[in-house]
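Notes follow once the structure below has been shown.
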Protein chains: 4
Amino acid sequence: MDYVTSVNIACGFHAGDPEIMEKTVKTAMKKGVSIGAHPGYPDLQGFGRRAMNLSNEALRASMIYQINALKGFVELYGGKLRHVKPHGALYNLASKNYEVASIIAKAVYDIDPTLILMGLAGSEMIKAGEAVGLEVAAETFADRRYTSELKLVPRDTEGAVIETVEGSIKQCMSMIKSQSIVDINGNTKTLKGDSICIHGDNAHGIELVKMLLKALEQEKITVEAL
Amino acid sequence: MDYVTSVNIACGFHAGDPEIMEKTVKTAMKKGVSIGAHPGYPDLQGFGRRAMNLSNEALRASMIYQINALKGFVELYGGKLRHVKPHGALYNLASKNYEVASIIAKAVYDIDPTLILMGLAGSEMIKAGEAVGLEVAAETFADRRYTSELKLVPRDTEGAVIETVEGSIKQCMSMIKSQSIVDINGNTKTLKGDSICIHGDNAHGIELVKMLLKALEQEKITVEAL
Amino acid sequence: MDYVTSVNIACGFHAGDPEIMEKTVKTAMKKGVSIGAHPGYPDLQGFGRRAMNLSNEALRASMIYQINALKGFVELYGGKLRHVKPHGALYNLASKNYEVASIIAKAVYDIDPTLILMGLAGSEMIKAGEAVGLEVAAETFADRRYTSELKLVPRDTEGAVIETVEGSIKQCMSMIKSQSIVDINGNTKTLKGDSICIHGDNAHGIELVKMLLKALEQEKITVEAL
Amino acid sequence: MDYVTSVNIACGFHAGDPEIMEKTVKTAMKKGVSIGAHPGYPDLQGFGRRAMNLSNEALRASMIYQINALKGFVELYGGKLRHVKPHGALYNLASKNYEVASIIAKAVYDIDPTLILMGLAGSEMIKAGEAVGLEVAAETFADRRYTSELKLVPRDTEGAVIETVEGSIKQCMSMIKSQSIVDINGNTKTLKGDSICIHGDNAHGIELVKMLLKALEQEKITVEAL
């Protein structure tokens, strides 16, 4: 949290628990980092990375529950929840499935229409968020490779993750400076984003953030919270 | 919900899930029933009726999480959460243990100082709620017998539950009209309460409520929400 | 259990817990009812009725875990586990998906090659069980309607469940006496089965079983455990 | 697992899941490490380190369930489950409470009377195991300090954990060579044990095991599986 401008905090369904959430919220507020809710499938065993066929009603209620649970901690300490970013398999499904994306977007809007909905740049989630009247943030990834349709290459596919810090920095600088990336097939594609995701469980995560900030500084590019 | 003035809604830790919570909140609001949060231990297997030795930090965070999760549904539909009543083994522990009661009361106050804390009439929870500055509601039970110290006779003790509707009505009318009950040893004790609990899982629950309302009507006594 | 010859006992992942499992096993053994394991997805909230995208490794391990947990209770009381029947969304997926069915069949075989695998009559699960060398039991349903491909009409489709006892009895007698059913489109189809499922949560379940047994008795047809 | 002779494998209630259990069992068998079941309270949030007030029936069933779930993996790969060691808060309660210890011991005996029950050296669990007719293994701890009654100093007390590798080695060599330790008050006490526990989550765990094995080698003392 010393290097990022926003964090996504898990809400207890795929990871996290109340005590961890309270501590993380307090730390983020002390460091002035913007806070987002990171709701996921109710699947601790699978860390929310396995698709689950929730009914529309169950999905909606699950979003409202998780987001409010986190929002409560933030507001209790005088802060404001800024954004919502679905996690894992739900994030991926909502990138491709407009109906699912719409249920999420509607739930977020019903909770607080000033919340920002974060989703994969160019995805159905961004479209659904705009359609419902939310401000959206198009997310790009430092350490993940893209398909030719600008979706994330699935984690179980070879080459899905950019393993080196250098490779990730290169992709980031290309996204920032020329709004483009090189997809998994080697073709250059236009990709416009508002936010870059660095995974907390990436082994090189901290090193990557530090080097990226240094690279941006050299180019006199500043980073801001959502 | 056609007969009661307040409901306590489980928040997903010992029972309930987001979809059930959303439906129950909507039903309560349609019927004009006052809504309270009913947080409990994280123990679905044991329905929150087994004591768990949570740290003070875990207990506090667990209360904030559950209460806000429910509060979110209520406010999303334009309502207001009125009260908080801990569930099961946590309710019992907080009746006797002032430290535990204080952590719960402080968490409730931190969320919203206008919330009413409901606890066993005459218990540590009522004292802790008053000490922290909350409005409190002293709860009495239609279908449970009392010890000589006016605690509930534990569920696994013989005679803990008043099995007949007539017995429950008699205890209620005695509490309401003469502020007294007959304890498990047969002695009459003073007991002042603000609310009477009818368990939703009591086999005669509905019949009991109807007959109690009829008995109150004959005495021209009215019931109001908290 | 006074009317059936076999029971499927949930193993704690979608329903059930150790205490319930131990009690149910003891009751089944006292009544001489044959016992089967009923493993499902790790989804208590959804009662195992929501598809989950488990990896092959997670699915295999999950089957071995649940089946052995139940088998342990049965053997501790001197009994023998007779069959395995996957539950809910997993049952449905394994009916259509040979890869999933094969992983389940292989796990069952690895635990004990004398176990019987129960699956939807004519489904991929039956084929996968036979391919791996297991004895199989083709299951039919008293209270569910069939598609033209002899799959179960999904629960969220209108007409999925036969609501009347008479309708269920009629379907059962047709299956037993002429190995045929009338599908949801009104066409008569051949359907051969070894077992008829009566859902424990069918509101008319007990009445249905009693009337079916009476109807079979009149036709001098006897029912046997697997 | 390259340095120890036995492992305790969590069974899914306080940690672990089926997939991790299957992998860990396979690794242990490949390396020839003796396998024990490590059942705990159903409390993933608290890692089984919070006491829970289970009924005797729930505790017994919970032990049978967890132990058989793990035993199934071991036997499927042709191995044999050697011992059972309760985890965390359950281990501590069973050290002091003979009734709880007896329920655990009886459950283990009912599953397989040749299983070894591992418990704190000199504790009620050892007595209960012997009383029921089980072989027992008295466990001592490399990195935990002892009270004057030879119980473990609770984790939330200062000085509970021996932080340095040197301190742990010293305590181990004292236990092995002179059957004694220095308790938290500085007094020397007799302590006889059959096994030494090294926590897998001790930051210096691997280093500690390696140095202990070297120290034992210099003294020509050999280590054997239970």
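The values are calculated or read from the model by the stated rules, or taken from the named source; none is laboratory data. Please read all numbers here as calculations on a predicted model, not as lab measurements. Quick reminder, even Gly has a Cβ in these numbers, built from the backbone with ideal geometry, and neighbours come from all protein chains shown. Side chains included, ligands, DNA and RNA excluded: accessible areas come from the protein's heavy atoms. Shrake-Rupley method; radii C 1.70, N 1.55, O 1.52, S 1.80 Å.
Quick test for you: out of D:94, D:89, pick the one residue that is touching a Phe, Trp or Tyr at 6+ places or on another chain (Cβ under 8 Å), more than 25 Å from residue D:28 (Cα to Cα) and aliphatic (A, V, I, L, M).
When all the criteria are applied, what remains is D:89.
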### Message
Just to be sure I understand, how many residues within segment B:16-47 are closer than 23 Å to residue C:16 by Cβ and in contact with a Leu (Cβ under 7 Å, 6 or more places away or on another chain)?
### Response
3
### Query
residue A:158 passes all but one of (1) on the phi < 0 side of the Ramachandran plot; (2) touching a residue at least 12 places away in the same chain (Cβ under 8 Å); which number fails?
(2)
### Query
Looking only at segment D:140-183, which residues are open to solvent by 40 Å² or more (accessible area, probe 1.4 Å) and assigned to a loop (DSSP other than H, G, I, E, B)?
D:145, D:148, D:149, D:151, D:154, D:155, D:156, D:157, D:158, D:163, D:164, D:179
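Mind counting the residues in segment B:106-139 that are among the hydrophobic types (A, V, I, L, M, F, W, C) and assigned to a helix (DSSP H, G or I)?
8
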### Message
I'm trying to understand the selection: among the residues of segment C:184-211, which are of a type in the set (A, V, I, L, M), outside any loop (DSSP other than H, G, I, E, B) and in contact with a strand residue (DSSP E or B) (Cβ under 8 Å, 6 or more places away or on another chain)?
### Response
C:196
### Message
Based on this model, can you work out whether residue A:65 counts as assigned to a helix (DSSP H, G or I) and closer than 22 Å to residue A:100 by Cβ?
### Response
yes
### Query
Of the residues A:70, A:59, which is modelled with pLDDT of 95 or more, in contact with a Cys (Cβ under 6 Å, 6 or more places away or on another chain), of a type outside the set (D, E, K, R) and part of a helix (DSSP H, G or I)?
A:70
### Where residue D:44 falls short, out of the listed (1) assigned to a loop (DSSP other than H, G, I, E, B); (2) under 18 Å from the mean Cα position of the chain (by Cα); (3) farther than 26 Å from residue B:156 by Cβ; (4) within 14 Å of chain C (Cβ to nearest Cβ)
(2)
### Query
When segment B:107-119 is examined, which residues are found to be more than 14 Å from chain A (Cβ to nearest Cβ) and crowded, with 20+ Cβ neighbours inside 10 Å?
B:116, B:117, B:118, B:119
### Checking residue D:104 against (1) open to solvent by 20 Å² or more (accessible area, probe 1.4 Å); (2) aliphatic (A, V, I, L, M); (3) away from chain C (no Cβ under 13 Å), the condition it does not meet
(1)
#### Entry: Hey, residue B:88 in contact with a Pro (Cβ under 9 Å, 6 or more places away or on another chain) and under 27 Å from residue C:12 (Cβ atoms) or not
no
### Task
Report the residue count in segment B:115-132 for those that are under 13 Å from residue B:36 (Cβ atoms) and β-branched (Val, Ile, Thr).
1
### Query
Looking at this structure, is residue D:37 more than 17 Å from the chain's Cα centre (by Cα), among the aliphatic types (A, V, I, L, M), modelled with pLDDT of 95 or more and open to solvent by less than 20 Å² (accessible area, probe 1.4 Å)?
no
### Query
Does residue D:122 meet the test of being at pLDDT 95 or above, open to solvent by 40 Å² or more (accessible area, probe 1.4 Å) and either on the phi > 0 side of the Ramachandran plot or aromatic (Phe, Trp, Tyr) (or both)?
no
### Message
Restricting to segment B:12-26, and then to whatever is open to solvent by 10 Å² or more (accessible area, probe 1.4 Å) and not hydrophobic (A, V, I, L, M, F, W, C), can you tell me which residue is nearest to residue B:111 (Cα to Cα)?
### Response
B:12
### Summary
Log entry, pairs with first residue in segment D:5-25 being farther than 14 Å from residue D:83 by Cα and within 8 Å of chain C (Cβ to nearest Cβ), second being of a type in the set (Ser, Thr, Tyr) and assigned to a helix (DSSP H, G or I), beta carbons closer than 6 Å, six or more apart or on different chains, reads D:18/C:62; D:18/C:65
#### Entry: Number of the condition not met by residue C:47 [criteria: (1) open to solvent by less than 40 Å² (accessible area, probe 1.4 Å); (2) in contact (Cβ under 8 Å) with a residue 24 or more places away in the chain]
(1)
### Message
With the requirement that a residue be more than 10 Å from chain B (Cβ to nearest Cβ) and either open to solvent by 30 Å² or more (accessible area, probe 1.4 Å) or closer than 28 Å to residue A:156 by Cα (or both), what does segment A:57-82 give you?
### Response
A:78, A:80, A:82
### Message
Restricting to segment D:32-41, count the residues that are within 14 Å of chain C (Cβ to nearest Cβ), outside any strand (DSSP E or B) and farther than 26 Å from residue B:57 by Cβ.
### Response
1
#### Entry: Unique residue being surrounded by fewer than 24 Cβ atoms within 10 Å (Cβ to Cβ) and either in contact with a helix residue (DSSP H, G or I) (Cβ under 7 Å, 6 or more places away or on another chain) or within 14 Å of chain D (Cβ to nearest Cβ) (or both) when the list is C:1, C:29
C:1
